[in-house]
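Trainee: Encoded as C-alpha cells, here's the structure I'll be asking about.
Where a number appears in this text, it was derived from the coordinates with a stated rule and is not lab data. What you are looking at is a predicted structure, and each value in this text was computed from that prediction instead of being measured. Glycine also receives a Cβ, built like all others from the backbone with ideal geometry; neighbour counts cover every protein chain displayed.
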Amino acid sequence: MNPAPFSQRANPQIIRHTEGPLTDWLREYTRPLHRALDTSPMLHNLLRPELSIADYATTLRALHQAHTRAETCLQTLAHARPPALPPYVARSPALARDLLAVETLRANGTHTAPPSVHVSGTILAAASPATDPPRVTHTDPHATYLGLRYVLEGASLGSRVIAQQLKKRWPEIEQHAFAYWGLQSELMQHWLGVCEQINSHPAGLHESSLLQGAETAYHCFLSVFRPETHDTTHL
Ligand code: HEM
C-alpha cells in the first residue's frame, strides 16, 4: 500500500482498506513523518563522529522542547490510557538533567561543579516550549492516546542506534549526560505494550483518531526539528 501524501492524510475520514496489524498501517502512513525527522540535520548530527559538545547541547535542548510539547498533549488524555498499559514515564526531566550536565561540562570543563541557580534557570528557560502544545480532538480518546504514545515510545527504537553512536564518540558520556538515553533503553518494552494494545483493542479503535494522535506527536517533534517543513493545518 502506498501511503497518501501528507496533505491528504490530514483527512479525518481516512479509512483503512487492508487487513493485518493496525500498527503496520500506522507505520506506513506515518513513514514520511519519521523520514523527515530522522533526516533532520540536528538529529542526524547525533550519528556523526565529529559531533561537538555544543551540538549535543543544542540537540538535547530541542529534544527537551519536543518531548515537553508531546508529553503535555499526552497528559491531557491520561484518562484514556488502557489499564493494562503502564503509565507513561516522562522523558523531559531526564533531558533537563542531561542538559544541565552538558552545560556544566561546557562551562567548567568538568562535570563535578553543580550549575548555579542562574545558569540552570537560563538553561531551562531556553529549553521550555516556545509555543503552546497542539490541541487534540477527542473523537476516540483511547485511539488518540495510543497514537500519541506509539510515537513517544517508538522514539526509544531510534534512541538505541543513537546511544550506541554517542558511546563510541564519547565513551565517558555515559557517566555524565546520558540519563535520557538510559531511560529510553529501560522503557523500550513499553513500545511493545503500546503495539499490543493497538493491535488487540477489544472494541476496535477509530483509525483516524489513532493516526491523528501519531501525527500530532510527530508534529511536536517536527515543529522543533524541521520548522521549515512543519505543517500545522490539521492540528
Ligand atoms: C536520528 C533519529 C532517529 C533514528 C536514527 C531513528 C531510527 C529508527 C529505527 C532504526 C527504527 C526501526 C527500529 C526497529 O524496527 O527495530 C525506528 C522506529 C521508530 N521510530 Fe525512530 N529514529 C529516530 C528518531 C525518532 C524520533 C525522534 C521519534 C519520535 C518522535 C521516532 C519514532 C519512531 C517510531 C514511532 C518507530 C516505530 C515505527 C517505525 O518503524 O516507523 N524516531 N526509528
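Trainee: Subtracting the Cα-Cα distance from 0.36 nm times the residue separation, let me have the gained length for E28 to H79 in nm, one decimal.
Mentor: In short, 15.6 nm is gained.
Trainee: Rounded to the nearest 0.05, what FRET efficiency do E174 and T39 give with R0 = 30 Å and r taken as the Cβ-Cβ distance? Could you check?
Mentor: E between E174 and T39, to the nearest 0.05, is 0.70.
Trainee: Also, I was wondering about something else. Can you give me the pair-distance distribution of region 43-229, C-alpha pairs, 10 Å bins, whole percents?
Mentor: P(r) over region 43-229, rounded to whole percents: 9, 35, 33, 17, 5, 0.
Trainee: Modelled label-to-label distance, V89 and E228, 7 Å Cα→beta-carbon offset: nm?
Mentor: Between V89 and E228, the label points sit 3.7 nm apart.
Trainee: I'd like the FRET efficiency for M188 and E50, computed as 1/(1 + (r/R0)^6) with the beta carbon distance as r and R0 of 30 Å, rounded to 0.05.
Mentor: About 0.60, to the nearest 0.05.
Trainee: Listed highest first by mean packing, meaning other Cβ atoms within 10 Å per residue, what order do 90-98, 188-196, 45-53 come in?
Mentor: Ranking, from highest mean packing down: 90-98, 188-196, 45-53.
Trainee: Would you mind putting 165-172, 212-219 in packing order, based on average other-beta-carbon counts within 10 Å, highest first?
Mentor: Working: 165-172: 13.4, 212-219: 26.2.
Taking the mean over residues of other Cβ atoms within 10 Å, the ranking is 212-219, 165-172.
Trainee: Suppose the chain between H201 and E19 were pulled fully straight at 0.36 nm per residue; how much longer would it get relative to their current alpha carbon spacing?
Mentor: Result: 64.0 nm gained on full extension.
Trainee: Using 0.36 nm times the number of residues separating K167 and N108, minus their current alpha carbon distance, what extension gain do you get?
Mentor: So the chain would gain 19.1 nm between K167 and N108.
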